[in-house]
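The values are calculated or read from the model by the stated rules, or taken from the named source; none is laboratory data. Computed from a predicted model, the values in this text were never measured in an experiment. We place every Cβ from the backbone using ideal geometry, glycine too, and count neighbours over all the protein chains shown.
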Amino acid sequence: MSSPQNGSTNGQMSPRDRIVYGLQNVEDTARESLLHGGVVVARKAKTFWTHFKDFIDNGNVVGLAVGLILGAAFTSLVNSLVDDIISPPLGLAVGHASLDDLFVVIKDGKNASATYLTLDQAHDDGAVCIAYGRFIQMTFNFFIVALALFTVIRVFQSFQQEEIIKSKVKCKYCRQKISKVATRCQFCTSWQDAPERNHVSSLPGPLVDADGHMSD
């Protein structure tokens, strides 16, 4: 930062020079603060971009996005199957056009003498209802979705070397469920493929390693 042009020292400055000198200090300080703040912001932006890039490059994110999109489309397909194909015949079988119209009024609405043909009419009148027909329809949705997903996984698994659906069996000793291919139980540590090893490992006394040396 330059000193006043008149060659005067700080103690001999005129009021005008002092104002100019103070403004120069403020300008220099503001410039340094802006430069420092810009460096900090740029560093944080670079760090954020690096983390975001690592997040996008992760294969699980792409798989999750694809799964969500396919799941939404699959849900719409299942809802159409239940609402448009399965529900109408079942509704006609019980005397209603839709399963949603199966309900029980437990408290009348404003017009106590009114007869509600649909659940929407009952709700509009303020009646309290148990909509068991809608529950039946949601139950159909659940089982169809579960069955369809199981079928898709089984088909996909047929092209994979590793099983997606892990088969489990009960441990012979603690009866906890473990992997079908496990050689040792993760709960009781018992050997599944060689029961005689359980007897040897449970005997008291010093242990013998693979080289025949006794350990404490």
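Remarks
- Residue that is nearest to the chain's Cα centre (by Cα), among those in region 87-112 that are within 13 Å of Ile136 (Cβ to Cβ) and polar (S, T, N, Q): Ser87
- Members of region 53-107 that are touching a strand residue (DSSP E or B) at 6+ places or on another chain (Cβ under 6 Å) and of a type in the set (A, V, I, L, M): Val104, Val105, Ile106
- Residue among Ile85, Ile69 that is surrounded by 10 or more Cβ atoms within 10 Å (Cβ to Cβ) and modelled with pLDDT of 80 or more: Ile69
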